[in-house]
Amino acid sequence: LNVDVKLGVNKFRVDEENPHIVLVDNPDRDELNKLIKACPANLYKLADDGSVRFDYAGCLECGTCRVLCGDTILQKWEYPQGTFGIEFRFG
Ligand code: SF4
């Protein structure tokens, strides 16, 4: 199985009331470009109008964004609480 197929079988329980990752307002574009390339779940995107698109719902909880950019991009980064978050099906 390739990586996309393996990731596709993971299960997510999303905490709609309490995002575990929140971005700062107007994140630095150079820092954001790092995350667009580095996030393995491809959650950081630029829209056609240049605005930032981010959806924490598919987060793999790898911590890459936190290590790469920390508070230059992230207002909040925590693991999801309780039983929320990703359930890996392939290690
Ligand atoms: Fe992407 Fe990993 Fe950051 Fe989640 S923790 S948003 S998967 S880089």
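What follows draws every value from the coordinates through simple rules; no lab data is involved. Since we're looking at a predicted model, the values are computed, not measured. A quick note on method: Cβ atoms are made from the backbone with ideal geometry, for glycine too, and the neighbour counts reach across all protein chains shown.
Here's the yes/no breakdown for (1) surrounded by 11 or more Cβ atoms within 10 Å (Cβ to Cβ); (2) more than 12 Å from the ligand (Cβ to nearest atom):
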site	(1), (2)
5	no, yes
19	yes, no
22	yes, no
26	no, yes
35	yes, no
51	no, yes
67	no, no
84	yes, yes
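Can you give me the number of residues within the stretch 81-91 that are in a loop (DSSP other than H, G, I, E, B) and small (Gly, Ala, Ser)?
Total meeting the criteria: 2.
Looking at the structure I just gave you, is residue 74 surrounded by 14 or more Cβ atoms within 10 Å (Cβ to Cβ) and more than 9 Å from the ligand (Cβ to nearest atom)?
Judged against the criteria, residue 74 is not a match.
Looking at residue 8, is it on the phi > 0 side of the Ramachandran plot, out of contact with any His (no Cβ under 9 Å at 6 or more places or on another chain) and free of Cβ contacts under 8 Å to residues at least 24 places away in the same chain?
no
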